Amino acid sequence: MDMLTQPIVNDAVMEVFARLHPAKIAILLDVDGTLIDIGPSPFEVRISDDLRVSLQRLLELTGGALALVSGRPIADLDRLFMPLKLPTIGGHGAEMRAHGSEAVIAVPSLPQALRRQLAQAEKHDPAIVVEDKGYSLALHFRNAPQQEHWLLHHIATCCAAFPNDTTEVLPGKAMYEVKRPAVNKGESVRRMMRLAPFAGRMPVFVGDDVTDESVFQVLPDLGGMGFSVTRQFPGLAGTFESPAHVRQALQVLGANGRMGRA
């Protein structure tokens, strides 16, 4: 199936998604803002039982070729989606697990001293949430939007103090993440699509944020299809209205697959 060039919005995107054949595709899903609604903080989100059932059903229908593709660490995702332990790309590509085996760290940790210095942002304003992943550190300012410019200056100052450790800043929804360069979701999706049970299938990715751009960029090379939530990206097959719309689409796809109609 060729990637469609024009976005299909609202109910029409459900029809496109429902026509997918689970036995022939690999389903790749961003989490925050795509599968689940954005919470007050990364630690205040909810995974419904219905979503767990849909993911388990599609994991079976795809022969295991369903993966989460998230900025969260794999260990955090396992806790969120418990008892499911899904194939996962975590940390924006810093970790990958194609099977049920333990997570593999793909990049070394940032220096502890750098992470400690970055985390001082929380003392400047307790509304800034620090998420230390080891290989990166995210600073969330959704509850302190007035601190965005200060935060950028703070990050630049901290990184400049460690000139021998090359880093880059990844922007996201009301957050900035300091990470190693050349680590991104897109290149990790390339690697995962070479591994069983993903190899030989058409990747179908759903994402919502600028942190997902690298995946949308590699999809044409992989013969894949991309869907977004709200935001527009080049070459989309469709745009969902909200995470609830995505959850509904997954439920429909799973039901169609069970009936052999997909």
Convex hull volume per residue in cubic angstrom - Cα atoms of the chain: 119 Å³
Straight-distance crosslink candidates among lysines, where the alpha carbon sits under 23 Å from Lys133 and sequence neighbours closer than 8 are dropped: Lys85, Lys123, Lys173, Lys179, Lys185
Spacing of the two label points (7 Å from each Cα toward its C-beta) at Val169 and Ala196, in nm: 4.5 nm
The chain - charge dipole about Cα centre, Lys and Arg +1 at Cβ, Asp and Glu -1, debye rounded to 20: 680 debye
Cα→Cβ-extended label distance, 7 Å offset, between His153 and Ser242, nm: 3.8 nm
Fraction of beta bridges assigned by DSSP in the chain that are antiparallel (%, nearest 5): 50 percent
Paired Rg and Dmax values of segment 37-170, which use every Cα atom, in angstrom: 17.0, 50
Length-normalised contact order for the chain - Cα pairs under 8 Å, 6+ apart - percent: 28 percent
Fluctuation leader among Arg190, Arg247, Arg19 - the chain, Gaussian network, Cα springs under 10 angstrom: Arg19
Point-to-point label distance, Ala23-Asp50, nm (Cα→Cβ direction, 7 Å offset): 2.9 nm
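Values in this text are rule-based calculations from the coordinates and carry no lab data. What you see is a predicted model; the values in this text were computed from it and never measured. Neighbour counts run over all protein chains shown; Cβ positions are idealised from the backbone, glycine included.
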